[in-house]
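The values are calculated or read from the model by the stated rules, or taken from the named source; none is laboratory data. Everything quoted here is computed from the prediction, not taken from an experiment. Neighbour counts are summed over all protein chains in view; Cβ atoms, including those assigned to glycine, are modelled from backbone coordinates with ideal geometry. What goes into the accessible areas is simple: the full protein's heavy atoms, side chains included, and nothing from ligands, DNA or RNA. Shrake-Rupley method; radii C 1.70, N 1.55, O 1.52, S 1.80 Å.
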Amino acid sequence: MSLMFDENGRPFIIIQEQEQKQRLRGIDALKANIAAARAVARTLRTSLGPKGMDKMLQSPDGDVTVTNDGATILKEMELKHEIAKLMVELSKAQDDEIGDGTTGVVVLAGALLEKAEMLLDKGIHPSRISEGFERAVDIAMPVLDSISEQIDFEQNDHEQLRRVAMTTLNSKIVHRIREELGKVCVDAILAVADMERREVNLDLIKLDGKVGGKLEDTALVHGIVVDKDFSHPQMPKRVDDAKICILTCPFEPPKPKTKHKLEIDSVEAYKEMQVAEKAYFTDMVQRVKASGATLVICQWGFDDEANYLLLKNELPAIRWVGGVEIELIAIATGGRIIPRFEDVSEQKLGYAKTVREMSFGTTRDRMIVLEECASMKAVTIFVRGGNKMVVEEAKRSIHDALCIVRNLVTDNRIVYGGGAAEVACSLAISEAADQIEGLEQYGVRAFADALDSIPMALAENSGMQPIESLSHAKAKQMREKNPRIGINCMKYSTDDMKEQYVYESLRSKKQQLQHAAQVVKMILKIDDVIEDKNYN
Ligand code: ADP
């Protein structure tokens, strides 16, 4: 910064912009970027697999999250570095499109960068490395196709689907009850799936939760759960063939507003007013009943007097239902939201086969469930757990499992997990690399080495010797020509992942390889970083 004077003697300041910027070029830029991305991948590496560790993250407002879901960890980490953010985007893309494999994809990208750095040190141009990676992905895709198998989930009472869901749940805090949850997830997906068109709309599955009870109390409800109860304890706890009037206007006698003044100078006058109020409200109730409604769901509350009159007139009601839930109820029951009392009519009522109070598991909390609604086959998975962290993590795990099952309903091809698919690809790519002439060969071989890091991480996280486990799996796959041999993380008697039921969907595995390679290619292309010093 320097002070200058113009021709009239007025001072002005020249700020040299370059001073404010930090600039990295060429190999330095590449290395700095690789280091940032690898740091992110390193964080996630220990979370991979059934024995992976959880991370505890505290948000600026003090909320604590405990999770081992890659996408969630990265989202909560609030990374500043632009390249680190690319890794966040990578896991997010995997999460959005597939819903699982979010940790694996970042670990793989980290390993690819590690190998790329070694090649850079050898003096190989980044473009050559990228081309090699691209070629390796092209080799891996048909390999994955050839080792994939179709699972026939119509047979065996959906046993296989359940097994796949359980594999996902294995690595999460909910693994204790993975069998029950696996069943819940499969049932939920099958309830909303359109089997003919092989489509699943996940929006129809509401994932809800409440602190209290045990994880075991988590249940699938074929309908909508509303965390409310009937407004009066003496109202019936169940309404069959419910015709539902959904009100967003107050349902009580009109109250004198504070800005009006009402003078009552005698007991008689007061009583008269009370009678009038009562008559007014009874009239309202009769009008609702006349429309054929057998249940009122109201966004507003009503006072004790109104509540008592509803009970007297045998019109069960639920009050203080939130706006979002009101909308969901309206969509599901095919009813219309009625904002003005005068508009109540038969055509606007919604329908549910049963509306009843239900308790979940061992807790005494009661909630209202609307089942078999008119126009939608919505289901709710209602998660219970000892504290908020558990409920939230269980919801995330269930979401992953739901995504996996959904993927299999839309495309039922699978490959075997536990690093088996990676080892098979790595072997095939290494073999192919020998045939490639020129520098590209190095990139291709590096890709094969990077794939090895997935089984190695799985072994390391399970307390096993990584190199030994990997070489064992590789040798056995080659010897027995069996692409199902993976890392025996659970120390079962077999390391055949088919027998351990460790499945991953083919689509997810393919996407992991493609996306990881794509991000790495992008990072390798950046050779100039101009950073504003003031920004950080
Ligand atoms: P992601 O977020 O990538 O799904 P996970 O922590 O769920 O990460 O770990 C998934 C990895 O763990 C996959 O490679 C999968 O094949 C492997 N895996 C899951 N269960 C087992 C198991 N029982 N034995 C060996 N590997 C397993």
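Checking the structure you have, find out if any residue of segment 355-375 is touching a His at 6+ places or on another chain (Cβ under 8 Å) and touching a residue at least 12 places away in the same chain (Cβ under 8 Å). The answer is yes, given that some residue of segment 355-375 is touching a His at 6+ places or on another chain (Cβ under 8 Å) and touching a residue at least 12 places away in the same chain (Cβ under 8 Å). Within segment 309-343, the set of residues being loosely packed, with under 15 Cβ neighbours inside 10 Å and closer than 18 Å to K228 by Cα comprises W320, G322, G323, V324, E327. Of note, A424 does not satisfy the criterion of being part of a helix (DSSP H, G or I) and either among the acidic types (D, E) or more than 15 Å from the ligand (Cβ to nearest atom) (or both).
Take segment 226-275 and flag every residue that is open to solvent by less than 60 Å² (accessible area, probe 1.4 Å), more than 16 Å from F302 (Cα to Cα) and of a type in the set (A, V, I, L, M, F, W, C). Result: V226, V239, A242, I244, A269, M273. Mind listing just one residue for me: the one in segment 497-528 that is out of contact with any helix residue (DSSP H, G or I) (no Cβ under 8 Å at 6 or more places or on another chain) and in contact (Cβ under 8 Å) with a residue 40 or more places away in the chain and, of those, farthest from the ligand (Cβ to nearest atom)? The residue in question is K498. Checked against the criterion of being surrounded by fewer than 18 Cβ atoms within 10 Å (Cβ to Cβ) and part of a loop (DSSP other than H, G, I, E, B), segment 346-359 has no qualifying residue.
Close contacts from segment 271-295, counting a first residue that is over 18 Å from A352 (Cβ atoms) and a second that is in a helix (DSSP H, G or I) and open to solvent by less than 90 Å² (accessible area, probe 1.4 Å), with Cβ to Cβ under 6 Å and a gap of 6+ residues or different chains, come to F281/A306; F281/L309.
Looking at the structure I just gave you, is S91 within 15 Å of the ligand (Cβ to nearest atom) and open to solvent by less than 30 Å² (accessible area, probe 1.4 Å)? Spelling it out, S91 is indeed within 15 Å of the ligand (Cβ to nearest atom) and open to solvent by less than 30 Å² (accessible area, probe 1.4 Å). Residue under question is V444, and the condition is that it be within 16 Å of the ligand (Cβ to nearest atom) and crowded, with 24+ Cβ neighbours inside 10 Å; does it hold? No: the conditions fail for V444.
For segment 62-80, the candidate set comprises residues that are open to solvent by 50 Å² or more (accessible area, probe 1.4 Å) and within 16 Å of the ligand (Cβ to nearest atom); within that set, the residue that is farthest from I398 (Cα to Cα) is M77.
Results for (1) in contact with a helix residue (DSSP H, G or I) (Cβ under 6 Å, 6 or more places away or on another chain); (2) within 16 Å of the ligand (Cβ to nearest atom), shown as yes or no for each residue.
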site: K172; (1), (2): yes, yes
site: I189; (1), (2): yes, no
site: E199; (1), (2): no, no
site: D203; (1), (2): no, no
site: K228; (1), (2): no, no
site: H232; (1), (2): yes, no
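Which of the residues belonging to segment 163-193 are among the polar types (S, T, N, Q) and part of a helix (DSSP H, G or I)? Within segment 163-193, T167, T168, N170 qualify. Screening S471 with (1) open to solvent by less than 20 Å² (accessible area, probe 1.4 Å); (2) more than 16 Å from the ligand (Cβ to nearest atom); (3) outside any loop (DSSP other than H, G, I, E, B) gives one miss only, at (1).
Determine, yes or no, whether R406 is under 23 Å from I147 (Cβ atoms) and among the charged types (D, E, K, R). It is true that R406 is under 23 Å from I147 (Cβ atoms) and among the charged types (D, E, K, R).
Of all the criteria given as (1) surrounded by fewer than 17 Cβ atoms within 10 Å (Cβ to Cβ); (2) within 16 Å of the ligand (Cβ to nearest atom), the one not satisfied by S59 is (2).
If you check G123 against the conditions, is it modelled with pLDDT of 90 or more, part of a loop (DSSP other than H, G, I, E, B) and surrounded by fewer than 23 Cβ atoms within 10 Å (Cβ to Cβ)? The answer is yes for G123.
Could you tell me whether segment 340-350 includes any residue that is touching a strand residue (DSSP E or B) at 6+ places or on another chain (Cβ under 6 Å) and free of Cβ contacts under 8 Å to residues at least 60 places away in the same chain? No, segment 340-350 has no match at all.
Across segment 447-468, which residue is most open to solvent (accessible area, probe 1.4 Å) among those that are within 11 Å of the ligand (Cβ to nearest atom) and either assigned to a helix (DSSP H, G or I) or outside the structural domain of L119 (by TED's automatic domain parsing) (or both)? Ranking the qualifying residues of segment 447-468, first place goes to N461.
Among the residues of segment 22-52, the ones that are touching a residue at least 24 places away in the same chain (Cβ under 8 Å), of a type outside the set (S, T, Y), within 21 Å of V107 (Cα to Cα) and more than 10 Å from the ligand (Cβ to nearest atom) come to 13 in all. Evaluate the following for A432: is it closer than 30 Å to R479 by Cα and open to solvent by 10 Å² or more (accessible area, probe 1.4 Å)? Spelling it out, A432 is indeed closer than 30 Å to R479 by Cα and open to solvent by 10 Å² or more (accessible area, probe 1.4 Å). Residue check: is P483 of a type outside the set (A, V, I, L, M, F, W, C), outside any helix (DSSP H, G or I) and closer than 29 Å to G132 by Cβ? Considered against the rule, which asks whether it is of a type outside the set (A, V, I, L, M, F, W, C), outside any helix (DSSP H, G or I) and closer than 29 Å to G132 by Cβ, P483 comes out as yes. Can you say whether D152 is part of a helix (DSSP H, G or I), more than 16 Å from the ligand (Cβ to nearest atom) and not aliphatic (A, V, I, L, M), as far as the supplied structure shows? No, not satisfied. Restricting the first member to segment 394-420 and to residues that are away from the ligand (no atom under 14 Å from the Cβ), and the second to residues that are among the basic types (K, R) and outside any loop (DSSP other than H, G, I, E, B), the beta-carbon pairs closer than 6 Å and six or more apart or on different chains are D411/R507.
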